[in-house]
There are 2 protein chains.
Amino acid sequence: MDEARTTLDRLLAAAGSPLDAAAVDALLPGVAASHRQLGEPDAWMRLIVERPDAELRQALAARLDRVLGCAGGGLSAGSAATAERLEALRGELDRRGLDGFVVPRADVHQGEFVPPHAQRLAWLTGFSGSAGTAVVLREHAAIFVDGRYTVQARREVDTERIAVCYSGETTPADWIAEKLAGGRLGCDPWLHTRRGVERLQTAAGRARGELVATEGNPLDAVWPDQPAAPVSAVVPHALAHAGESSRDKRARIGEAIAKAGADAAVLTLPDSIAWLLNVRASDIEHTPVPLSFAVVEADGGVRWYLDDRKLPAATREGLDDVVTPRPVESLEADVAALAEGGTRLLLDPATAPARLGDAIRAAGGEPVRGSDPVRLPKACKNATELAGSRAAHERDGAALMRFLAWLAREAPERAGGEAPVTEIEAAEALTALRKGDPAFRDLGFATISAAGEHGAIVHYRVGPASNRALGVGELYLCDSGGQYPDGTTDVTRTIAVDQPTEAQKRRYTRVLKGHIALATAVFPEGTTGHQLDPFARRPLWAAGLDYAHGTGHGVGSYLGVHEGPQVISKRASETALKPGMVCSNEPGHYLEGADGIRIETLVAVTEVEVPGADQRMLGFETLTLAPYCRSLIDPDLLTADEIAWIDAYHTRVRETLTPALDDRTAAWLAEETAGLGQ
Amino acid sequence: MDEARTTLDRLLAAAGSPLDAAAVDALLPGVAASHRQLGEPDAWMRLIVERPDAELRQALAARLDRVLGCAGGGLSAGSAATAERLEALRGELDRRGLDGFVVPRADVHQGEFVPPHAQRLAWLTGFSGSAGTAVVLREHAAIFVDGRYTVQARREVDTERIAVCYSGETTPADWIAEKLAGGRLGCDPWLHTRRGVERLQTAAGRARGELVATEGNPLDAVWPDQPAAPVSAVVPHALAHAGESSRDKRARIGEAIAKAGADAAVLTLPDSIAWLLNVRASDIEHTPVPLSFAVVEADGGVRWYLDDRKLPAATREGLDDVVTPRPVESLEADVAALAEGGTRLLLDPATAPARLGDAIRAAGGEPVRGSDPVRLPKACKNATELAGSRAAHERDGAALMRFLAWLAREAPERAGGEAPVTEIEAAEALTALRKGDPAFRDLGFATISAAGEHGAIVHYRVGPASNRALGVGELYLCDSGGQYPDGTTDVTRTIAVDQPTEAQKRRYTRVLKGHIALATAVFPEGTTGHQLDPFARRPLWAAGLDYAHGTGHGVGSYLGVHEGPQVISKRASETALKPGMVCSNEPGHYLEGADGIRIETLVAVTEVEVPGADQRMLGFETLTLAPYCRSLIDPDLLTADEIAWIDAYHTRVRETLTPALDDRTAAWLAEETAGLGQ
């Protein structure tokens, strides 16, 4: 036993922790695999003792550092290790009598952010993007990525061994149909939805082969240093932020479950569960949730499937009696037992692992198909959440103003010189300013800090290799957001470094016109975001232009920066916008190799009083507070109404934010928001 | 044998007809049940001889008159006969061991216009509307109609015996689930689609009963004077109008069938078949098609199921060798035989009678589910059809100008006097002016001629009982259209009789703004009408207003005035607009009890050249030529762009139509289309 461990044992005992150093050591791989939020990186220590003193903090930090020093999990090896890993996987498939295996990017929660131990696609192929699927057969292997990721995948993947396919041209299904040749294709039914499995079945069938659901993931068997599942501290989400008790939420959801003709619902989305139980955590980056499953009964009782070491004593004590933590490993057996006992289980076929539906059917039941009953209520923010969002946007806006004012001074002055402002410097400056707010917890996503032609890469992520200076006459696009206990922000502003060209101004102003057309829309209840989306595109369409992404996504309340069910998009959706929903409004335009323009603001759906209206009308309240780039606006392309709207918004931004700003920033903001009419 | 018959025999022999008087007499009930087009009411005589002389025409006309004199089919009895008919039907159900029966409004083609022998719902209940379903049980009977028809149904139906239900509140399914109580519910599987049958099955199941597909329709067994199936002359649709030979069309459709994974397609929509074979007829009113079915093989061969007495010798001779007429009665057996022989048959589950799918399955096959392969190609008009439509719109526009100019003179002057212009007079005046065009064949639908509060009834149909005068200060809404061999028109204009109120002007101008917003839309390929629909509503939404109907429907080329697959509507649709599609653009606003405003123009989807566009862009070409009502336009509510657009359109209307107009009409049009800018 090392000396540090003895010291730690002593400190833990003194602090009254129920854990000794051995228990802490057992916990640390999970902590290492979890996300330490920027604003509260030591929150994990609550798993050990509620308030550690300075000495204990230091000891714990040192202990974690040691684990972090060794634990890479092989994820950063890139394509270097591909040959070896492919061979190991093929050996394992051989042992299982399989001719192939499908490796999706998804984890068991079909989430956007995936914990290290579930980054199987990245480990196997080196590909680090947020969407993709690999298929490994005896002789062939391929990875399928969408248009955002073809270039990146070709750079990251060992293309000698794994073909990179653009999924818009070759789908995994087509490739399987062509290459499987009668074989047995394996898939892990925990990582695919029912529909996903059906697609693979059809593809295998076309190749006169069959799809085989595996027990356990064969890849896990050959990943020697696979990281631990994340363990972070689950903390209560205060009623002052949530605005509704978990008990009340569970009563509402229970009614919805009964109305859907079910006795209980199986929840597989961590953010649904975090909302329902009013808890948060940091198992994964950017979305402050504990990874977990739950079975919610119509009477409001909850079996909550998670590693219970994530529950600090204070959190555990705060749980309602009817909320029972259960080991994740028990989920499948519990669900099967419920089904066997005649409990009708609601399961969302769009998001639940196929395995759960299979388990219900194997037990003689039939899942009640329906949407996750939490998604829609969660999307409709209550008055407390909306007030929180407004407050968070004021503080976030003040930080953003300091950043934009700094950038307006520094970027043109240093551009072309020896130490120009770079994408990384800018992103770090903005994060540092956000961290000045004690309520700041984390970024909602990796900041997109994109100068010049990088702006045209819609999901650009700066790194040391790509880092680029902000040049004179270029556009700089910054898409960022913060996680605060009272709200989640997401804002994009595009600015011109020094004077823009007339062509840049025309394109920016068209994007702005679309942004305003959506912001000012008034529409009857029942209208979907799919119907409103063209308002944002019309000014671009008129010039033969468009953008290849959605106009708006839902945003959580100190939850995911992307949440459903609503979208404002070309993609068909039958979800009507409802009061309280928070969405982004983010049209853009991208010129490959030149620049990107995007203007993004969060808006809340709100009831609008229209004199003489013969029905209930809805509209948007703008939450984000940040001016549009004055030098990029061409007032000649704007109508009088549009100019008046911009001026009114700019006045609101100035009047709201100025009290929180230093003089230099306030002066810049005053100039930037002066009336366009002048 | 009567004397007239002897004479007719002689005349027929002299004219070289293959038919004698007895054969003509056998034909006449079918002719009586068919529609005699307004522009060519004697076309049916071609069934007997290609060009009858005056004496033969007179003899034939007299012969038909005699049949028409006796043949009512009991359809005009209204609700008077309900008790007797219900009792007869219940007796028949009893004999078949059924506890109930579903009577839809649909015929075997799921068509909008239904021939007399298939008007079972009207015969049984007296209800004459275009949509509804009755369900007759042992003790109860009910008819279910949508919001358009509740008032009319209560007036027409014997509500003592048949409950009138608003389908928005009580669906047939709910009612059946409540009332069937374990019984056997019959339905005629020729009159329901697969999905319709499934809905009824679910409903019967909820009542612990069962749905039974009947052999033959029990109602037909108790309808003593049921009319004959219509027999009208099938005539070629000239290549000069169609723009593509049937052979070329069949080659295209054959490819689509093969691509869908089928060997042949079963077509059940008469307009699909008429388009494919380049033929027209007048079996039903307003849509110039022969009622028929077809099986089209991937190699272009067609079995065409229709009463072959509809084929005059000239038409029969003009058919391609591979088009084989077959009796309608053979359809089911032929389909079953094909399925049994392994032919994979494409069937559109949205429109085909459930019976055909059942027949395929009973023969050991499985229908290939897919859209009717003709619908989309038919919707995309070729250059010849578009040129024809433009020509038809010029002539139709000239007739409409004469009507509007006449109305502008007569209506205010006679309003309030002893002989005001009435809705019927106006509708008849417009039809008479259209008939002045020798190419005019028929109305595309019953003219909606609606004064004052009648304008708020979206599907108002004037009759002697409802006929209303056009009053001073009222709005008059006229929605009408013509069928011409070169095109189908559909136009709505709303005018003010004398001076309108400011409130009327404001509402009209908002409708017009929406109409212009849609007309001027430019959008990328792949955009649906569902996405564009909000452009037309936004100016109304801004005032808290809306309209409860779609903004646009597809229009055929001398075919149905309503055709799919495209719509411009709140209803979700994934059909992208494609070049050549003709749609209506018809926003409106309705104030119950006061007036209705609708502005409707036909537009063709067309490729638009946008300088600098980075993709192919589409827009609309306006086909309809008729000014908007000058006195109803409030220029203060219009933007400069909107005024310029109206002025340009009005100039085009004036310059195009004036050469075809009398001086008085031309003078009125000049005033009505003078620049708004002045």
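For the reader, a short list of remarks on this structure follows.
- Note on segment A:79-110 and segment B:52-110: Cα centroid distance 70 Å, given to the nearest whole angstrom.
- Peptide A:558-571 is shielded by partner chain Cβ atoms: per residue, an average of 0 of them sit within 10 Å of its Cβ.
- Across identical copies of the chain, B:Arg664 has label-point separations of 8.3 nm, listed in ascending order, with the point defined 7 angstrom from Cα along Cα→Cβ.
- Share of carbon and sulfur in the accessible heavy-atom surface of segment A:447-589 [1.4 Å probe, %]: 52 percent
- Residues A:Glu215 and A:Val151, FRET efficiency given R0 of 51 Å [Cβ-Cβ distance, rounded to 0.05]: 0.85
- Leading residue at positive end of dipole, segment B:354-409 (Cβ point charges), from B:Cys380, B:Gly370, B:Phe403: B:Phe403
- Spin-label model, A:Asp53/A:Arg206: points 7 Å from Cα along the beta carbon direction are separated by 6.8 nm.
- Position B:Gly69, label points 7 Å along Cα→Cβ, spacing to each other copy in nm (shortest first, one decimal): 11.4
- DSSP assigns beta bridges within chain A; of those with both partners inside it, close to 75 percent run antiparallel.
- Rounded if a/c under 1.5, otherwise prolate or oblate - segment A:343-416, Cα gyration tensor axes: oblate
- Interface size, chains A and B: roughly 2300 Å² of accessible area buried, both sides included, 1.4 Å probe, rounded to the nearest 100.
- Chain A, relative contact order in percent, only Cα pairs under 8 angstrom and at least six apart counted: 10 percent
- Helices meeting the span-like rule in chain A (full DSSP H runs, Cα extent of at least 15 Å along the helix axis, mean Kyte-Doolittle score of 0.0 or higher): A:3-15, A:21-33, A:54-70.
- Rounded Å value of the spacing that divides the Cα centres of segment B:374-448 and segment A:393-424: 65 Å
- The alpha carbon gyration tensor of segment A:565-650 gives principal lengths a ≥ b ≥ c with a/c of 1.5 or higher and a/b no greater than b/c, which makes the shape oblate.
- For segment B:455-517 versus segment B:235-302, the inter-centroid distance based on Cα atoms is 36 Å.
- Electrostatic dipole magnitude of chain B [Cβ: Lys, Arg +1; Asp, Glu -1; Cα centre; debye, to 20]: 820 debye
- When exposed loop sites are taken as GluC sites (Glu not before Pro) in a DSSP loop with at most 12 other Cβ atoms within 10 Å, the longest stretch of chain A clear of them is A:216-417.
- Rolled with a 1.4 Å probe across the full set of protein chains, the surface gives A:Trp123 an accessible area near 10 Å².
- Solvent-accessible area, 1.4 Å probe, carbon plus sulfur percent, for segment B:207-323: 50 percent
- Ordering A:Gly552, A:Leu532, A:Gly473 by the projection of their Cα atoms onto the charge dipole of segment A:443-585, which places +1 on the Cβ of Lys and Arg and -1 on the Cβ of Asp and Glu, puts A:Gly473 at the extreme positive end.
- Dipole-positive endmost among B:Thr268, B:Gly183, B:Pro236 within segment B:131-288 (Cβ charges, Cα centre): B:Thr268
- Across chain B, the volume of the C-alpha convex hull divided among the residues equals 178 Å³ per residue.
- Inter-probe distance in nm under a simple model that places probes 7 Å from Cα toward Cβ, at B:Thr656 and B:Ala22: 5.6 nm
- Tensor-based shape of segment B:192-283 (alpha-carbon gyration tensor, a/c under 1.5 rounded, otherwise prolate or oblate): oblate
- Average accessible area per residue (Å²) across the protein assembly as shown - probe 1.4 Å, nucleic acids and ligands excluded: 39 Å²
- Per-residue surface analysis assigns B:His589 an accessible area of about 0 Å², computed on protein heavy atoms at 1.4 Å probe radius.
- A Förster radius of 51 Å combined with the Cβ-Cβ distance from B:Ala4 to B:Ala77 puts the calculated FRET efficiency at roughly 0.95.
- Potential lengthening between B:Glu592 and B:Arg390 on full extension [0.36 nm per residue; Cα-Cα distance subtracted]: 69.2 nm
- Potential lengthening of the chain between B:Glu574 and B:Arg409 amounts to 54.8 nm, from the contour at 0.36 nm per residue minus the alpha-carbon distance.
- Average partner coverage of B:539-548, which counts Cβ from other chains inside 10 Å: 6
- Each other copy holds its own label point for B:Arg316; taking that point as 7 Å from Cα along Cα to Cβ, the gaps run 9.2 nm, nearest first.
- Computed on segment B:392-441, with alpha-carbon pairs under 8 angstrom and 6+ residues apart, the relative contact order is 45 percent.
- Rounded FRET efficiency, nearest 0.05, which uses the C-beta distance separating A:Ala61 from B:Ala163 and R0 of 51 Å: 0.10
- Largest to smallest accessible area among B:Cys70, A:Cys380 [probe 1.4 Å]: B:Cys70, A:Cys380
- Per-residue mean of C-beta atoms belonging to partner chains within 10 Å, peptide A:617-626: 1
- Extension gain (nm, one decimal) between A:Asp299 and A:Ser466, 0.36 nm per residue minus Cα-Cα: 54.8 nm
The values are calculated or read from the model by the stated rules, or taken from the named source; none is laboratory data. Predicted, not measured: the structure shown is a model, and the values here were computed from it. Reconstructed Cβ throughout: ideal geometry from the backbone, glycine too, with neighbour counts over all protein chains shown. Keep in mind that these areas ignore ligands, DNA and RNA; they rest on the heavy atoms of the full protein, side chains included. Shrake-Rupley method; radii C 1.70, N 1.55, O 1.52, S 1.80 Å.
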